[in-house]
Amino acid sequence: MGQTQNNKPFSFYSLSLPYGPRELKEGLKRIVDHIGPTHILRQGLFYPPHIKKGELLDIIRGIYRDGYIPVTSLICQPMADDMDIGIELWGTDLDVQYISDNISVCDIFGIRWAFVAGIEPDSGLSFHEQVDFVLNMMRKVLNKAGFGFQHLIRTWYYIGGILKKEQEIVRYDLLNRARNKFYDVIWEEKREYPASTGIGTYNDNIVMDGIALSPSSGARVIRLENPLQISAFDYDIPFEKRPRFCRAILVENNGSGIIFVSGTASIRGADVSYPDNVEDQTYVTIENIKRLISRDNLSRYGIDWDISLNDVKDIRVYVKDKSYYPKVREICSKFFGNIPQLYLVADICRPTLLVEIEAVVIKGSA
């Protein structure tokens, strides 16, 4: 299954395909030949536990010339649609500069962007040490390209065993403790946090991806919250456990722009709605996204955009159990149509959450 959506200067591509050197090479090569190997901002490959990461990386290396690989994340999350490998690739018509294996840089509508992928810890570390490692490594990688950690507007935390307990503390809470301590040094104002996804994986480590942009006099960067939800950093739980992220980040320049919607689930206020029903959770999740990007909500931030779910150009959907996929896919198709999308099997940060959706929304010439 393959899908393409062209929106200059952003393009989004998704593929799910059976595992095999020939199938993977042919599938990825179709995209690369279409946009050109030097126009890839970032790519993610999602694979099941029985496939070895090293083998997958060797196949990818064979697709690109001279051993060159765009910034890439390899995430151990099985596909929900009976395929083996999922590919999500973001491209552009503009020239991309590759600083290192982990970071690419590009000037997009007057703003300098950095796309970071595949930040992983050394082996043998405790989970708390892993979190500290990826945060500090993210800072080093960004600094190498002339960015600071404070320039991050979008993050992904892929968390092995997200609901696993270590010393009676769930790993997601351990992430928040370590991340909050780090973030408190970076951002004095709590509403400056990036949009984010924190999601489970099937291995035992953590991987971090991110998007950063440098300040520009002609652009606005606005953190969005949802009136249907309590801000995550204001949850009525111990302060050190509160997730530090905003519901979405909006980047605007001369009437065009992009919204990065954080991982969104069936939460109203701060509570899970319909804890035993994946269909109802999917509807609530989509309604949350709809309200978040609505004209009424954007007007609270001085943004006069008339956009809707029709302006969503890319989604990634996580389901807690593979059996949920047919119904979740059916519902999502009603609202999002045939845009690029991946459906992955993953534990979500709360045991009663059954589905989570993240999205990219495009306005105007972006």
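Every number here is computed from the coordinates shown, using simple stated rules; none is lab data. Quick caveat: nothing in here was measured; it's all calculated off a predicted structure. Cβ placement follows ideal geometry from the backbone for every residue including glycine, while neighbour counts extend to all protein chains displayed.
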- Query: Sequence-distant or interchain residues sharing an amide H contact under 5 Å with Arg112, placed H: which?
  - Reply: Ser214
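Which value results when the Cα radius of gyration for segment 2-363 is divided by 2.2 N^0.38 Å?
Relative to the 2.2 N^0.38 Å estimate, segment 2-363 comes out at 0.92.
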- Item | Separation of the Lys241 and Ser299 label points, Cα + 7 Å toward Cβ, nm | 3.9
- Task: Please give the length that would be gained between Glu26 and Glu166 if that part of the chain were fully extended, namely 0.36 nm times their separation in residues minus their C-alpha to C-alpha distance (nm, one decimal).
- Result: 46.2 nm
- Computed ³J(HN,Hα) along segment 339-349: with the Karplus parameters 6.51/-1.76/1.60, θ = phi - 60°, integer Hz and x for glycine or proline, the list is 6, x, 7, 10, 10, 10, 9, 7, 5, 10, 5
- Given charges at Cβ of Lys, Arg, Asp, Glu: segment 2-363 dipole, positive-most of Pro37, Cys246, Pro49: Pro37
- Message: With 10 angstrom as the radius, rank Ser299, Ser216 by how many other C-beta atoms surround their C-beta, starting from the fewest.
- Response: Ser299, Ser216
- To the nearest 20 debye, what is the magnitude of the charge dipole of segment 41-183 about its Cα centre, counting +1 on the Cβ of each Lys and Arg and -1 on the Cβ of each Asp and Glu? 540
- Query: Between Ile51 and Asn143, what is the spin-label point distance in nm, taking each point 7 Å from the Cα along the Cα→C-beta axis?
  - Reply: 3.6
- Task: Treat the count of other C-beta atoms within 10 Å as a stand-in for reagent exposure and order Ile51, Ile206, Ile315 from fewest to most.
- Result: Ile51, Ile315, Ile206
- Karplus (6.51, -1.76, 1.60) ³J(HN,Hα), θ = phi - 60°, over segment 72-79, in Hz, Gly and Pro reported as x: 9, 10, 10, 10, 7, 9, x, 6
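Based on other C-beta atoms within 10 Å, arrange Arg295, Arg154 from fewest to most.
Listed from fewest to most nearby Cβ atoms, that is Arg295, Arg154.
Can you give the % of DSSP beta bridges in segment 226-321 that are antiparallel, to the nearest 5?
Close to 90 percent.
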- Student exercise, the chain dipole from Lys, Arg, Asp, Glu Cβ charges, in Debye to nearest 20: 380
